Amino acid sequence: MNNTVVIERFSAADQRGVVEVILPIQNQEFGIPITEHQQPDLSDIPQFYQQGSGDFWVAKSCGKVVGTLGLKDIGNAQAALRKMFVSASYRGREFGVAALLLNTLLQHAQSKNVRDIFLGTTDKFLAAHRFYEKNGFEEVTVPELPQAFPRMAVDSKFYKLTF
């Protein structure tokens, strides 16, 4: 396996690769019964994410999508971190895919003067909780979320990072 991973801004050619990374992690790995059609953001990434201060990135190895990360502009200098997924074989320090994706997002957010980044996750994503906490995100309660935050039904744990 080639250890070179590059982070690129999402383009239409990445569409299937994004879905092929996300769905198996949701369905098989974590047993979350969600379909591509129940996630309309996946069918129109440019319209959903690549607006205002938002954007969407893919991690690629040998031209294949191995990780995803979206930032949704929710107004008021705030954004939502969404769709952070890394294929199992690319997780961990060896490749550093999650860190590469997150650093790209944070640099972008700062350049766009985003003040707060919120995210929602499930109780099952324990490694993700540790990763977010290690990177400065602090757990918040539902009442602390902005009204514009796009809450997913499966989300049960929420985090915030303030610059």
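The values are calculated or read from the model by the stated rules, or taken from the named source; none is laboratory data. Fair warning: this is a prediction, and the values are worked out from it, not measured in the lab. Here the Cβ is made from the backbone with ideal geometry for all residues, glycine too, and neighbour counts use every protein chain on show. To get the accessible areas, we keep the full protein, side chains included, count just its heavy atoms, and leave off ligands, DNA and RNA. Shrake-Rupley method; radii C 1.70, N 1.55, O 1.52, S 1.80 Å.
Key figures for this structure:
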item	result
Under Karplus coefficients 6.51, -1.76 and 1.60, residue-wise ³J(HN,Hα) of the range 61-70 in Hz, glycine/proline x	10, 6, x, 9, 5, 10, x, 9, 6, x
Projected area, mean over directions - the range 52-103, Cα convex hull, nm²	3.8 nm²
With all protein chains modelled, accessible area of T35 [1.4 Å, Å²]	70 Å²
Whole-Hz couplings from phi, Karplus 6.51/-1.76/1.60, listed for the range 143-152; x for Gly and Pro	x, 7, 6, x, 4, 7, 5, x, 7, 9
Amide H contacts under 5 Å for V140, placed H, 5+ residues apart	F158, Y159, K160
Rotationally averaged projected area of the range 66-163 (alpha carbon convex hull; nm²)	6.0 nm²
Rounded percent of accessible protein surface that carbon and sulfur make up, the range 13-163, 1.4 Å probe	51 percent
3J(HN,Hα) from dihedral phi, the range 112-129, Karplus parametrisation 6.51/-1.76/1.60, rounded to Hz, x for glycine, proline	9, 6, 6, 9, 10, 10, 10, 8, x, 8, 9, 4, 6, 7, 4, 5, 5, 4
Calculated P(r) tail over 13 Å for the range 23-69, as whole % of Cα pairs	66 percent
For the range 1-127: Kirkwood Rh in Å [reciprocal of mean 1/r, alpha carbons]	14.9 Å
For the range 13-71: relative contact order, % (alpha-carbon pairs under 8 angstrom, 6 or more apart)	33 percent
Solvent exposure of the chain as accessible area per residue, Å², 1.4 Å probe	51 Å²
Gyration tensor over alpha-carbon atoms, the range 10-50, equivalent ellipsoid semi-axes in Å	20, 11, 7
Loop sites in the range 1-109: chymotrypsin sites (Phe, Trp or Tyr not before Pro), DSSP, at most 16 other Cβ within 10 Å	F30
The chain: angle of helix 97-111 to the longest principal axis, Cα-based, in degrees nearest 10	40 degrees
